[in-house]
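Structure, as structure tokens:
Derivation of every value follows stated rules applied to the coordinates shown; laboratory data play no part. Keep in mind that what you see is a predicted model, and the values were worked out from it rather than measured. Virtual Cβ from ideal backbone geometry, glycine too; neighbours counted across all protein chains shown.
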């Protein structure tokens, strides 16, 4: 039990560090997550996030930043596989539409119409492989 | 020699013609190539796309 004070202090410090990192992460992702929940932002069939309604400048910046990073990783994979960036992007679009759109959230199909996810599966584009 | 070459060529072409078989397809030919090619690409990239999404959670907020 004599060790416990030191151990506790260490554990406390660890919790603080992890907690601070968590808060920083939550703050950067917070606005986008909130906009996804409200349906203002949604996944698109083209593999990027988009706006169902006109966003605030800050939200637009954060979503744009995510889309730029997405394009970077799509480009890397496309180069590795010898396909176009668009091929990778639409494949990711199939994936996100199929698995990552919760009920009540917005999504955009190739017809350019925003819809709200209900309990039925999304009618994926023909080229998506299920 | 010149006269012999014509029947020879005919015989050769007849032999070659026998090698080329043209069969009518059972099903009508689909012209929707665009979608087929896309589907093939999507199929080959599907696993990569899954990994990409799972490995970059910060780019795919929920």
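Using alpha carbon centroids, what distance separates the stretch A:60-77 and the stretch A:86-127, in Å? First find each Cα centre; the distance between them is then 18 Å.
If I take R0 = 30 Å and measure r between the Cβ atoms of residue A:115 and residue A:56 in this structure, what FRET efficiency does the formula 1/(1 + (r/R0)^6) give, to the nearest 0.05? After rounding to 0.05, the efficiency reads 0.85.
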